[in-house]
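Step one of this worksheet: look at the structure below.
Read-outs throughout are calculated quantities, based only on the coordinates presented, and are distinct from any laboratory measurement. Since the model is a prediction, treat every value here as computed from it, not as a measurement. In this analysis, Cβ positions are derived from the backbone assuming ideal geometry, glycine residues included, and neighbour counts consider all displayed protein chains.
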Amino acid sequence: MNATAKAITDVKKSLGKSVYVLGHHYQCDTVVAHCDKCGDSLELSRCVSDIEAAHIVFCGVYFMGETAALLARPGQSVHLPDLTSNCAMSMMTPETIARKVLQQLTGRGRKIIPLAYVNTTLDIKALVGEYGGATCTSANAGKMLAWALDQGGSVLFLPDKNLGRNTAKKLGLSQNDQQILRIGKNGLTDTDGIDRKLLLWPGCCCIHTRFTSEMVAAAREKHPGCRILAHPEARPEVIERCDAAGSTAFLIREAGEAAEKNPDSTLYIATEYNLVRRLAARHKERCRILPLTKSLCGDMAKVTAKKLLRTLTNISANKSVPIKVDIARIEPARLSLQRMLKVCGQ
Ligand code: SF4
């Protein structure tokens, strides 16, 4: 154990039950080693209400900490080891522009249900809640999109056009049912196709759009008979060439099953590299797990063991500044999250 790891262990021990450390699966091993619970966005949001510690340290990107702060109990505080660790995709939907787009779309009394991936700011979650919409994660996007379509009217899915298109395909929506919006700083720049059932914000995750069809073909050539899985933030043409796609929880499950049922098989996974590397190490005696390409999330990587130590030390000295959420946004944002948790049967 190195000096930083030992210091984290010591300060965590001294804080006892007053602190609980959450970590996203895309965090590096030296951070994950100190997390009380690791999970994907859905698992981590679900567990917040059961945490009794006064301080929650969230090792992840800013919107995840904000979500935890929204769902935390009164008196609980949520701390992020690096307050600048913004998910790049979550910054692709400025609230002022999204509000203009919603005003334009609903201008003539048309019903639009906004459905926001949880990878969005608190402001967007509040806007979505205000307009009767909900949030979703990659694990429940299908269920939530079906729910939104069921409300009557059209759905505005944001910010990830790829998750939106991949989910729409699973639900059987045709290309003619969908439109990727063209948006500028004053809202819509083109109204072609805006009468369609599913309207997609033109955002994406640059970590998952690094995967290409050529990489899938090269993997199949290198390891004939291999299985290839992808996260649904990857481009539709990549997903089409893979054997299956699903959330982080799905990819972890599939890796476990490959190790158990198909020893000596080769499994490629197209998602963030820290997770793939950890799965490869976990199952290395049973099967070969490879990244489709090494795609690391630089925003997640801003959280380091040293910053975790600094946060814990500051909590212990009463000097850590917790995430503050704008009071006016709390109720509508909470509403959008609670709708998701209700539809998904928490
Ligand atoms: S992997 Fe993509 S969606 Fe996830 S935190 Fe990084 S930039 Fe955001």
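Relative to the present Cα-Cα distance, how much length would full extension add between Arg182 and Ala317 at 0.36 nm per residue of separation?
Result for the pair: 43.7 nm of gain on full extension.
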The extension gain from Leu296 to Thr4, computed as 0.36 nm times the residue separation minus the Cα-Cα distance, is 102.8 nm
If the cut-off is a Cα-Cα distance under 24 Å, which lysines reach Lys161, setting aside same-chain residues fewer than 8 apart in sequence? Lys100, Lys111, Lys125, Lys143, Lys169, Lys170, Lys185, Lys197, Lys294
Quick one: net charge around Ala69, please, counting Lys, Arg +1 and Asp, Glu -1 for every other residue with C-beta under 12 Å from its C-beta. +3
State which helices in the chain qualify, where a helix is a whole DSSP H run, it must extend 15 Å or more along its own axis by its Cα atoms, and its mean Kyte-Doolittle hydropathy must be at least 0.5. none
Which residues does the label zone of Ala328 cover in segment 107-138, counting backbone N under 19 Å from a point 7 Å along Cα→Cβ? 121-132
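Where Lys and Arg each count +1 and Asp and Glu each count -1, what net charge lies around Lys17 among other residues with Cβ under 13 Å from its Cβ?
Charge balance in the 13 Å sphere: 0.
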In the chain, what percentage of the DSSP-assigned beta bridges are antiparallel, given to the nearest 5? 5 percent
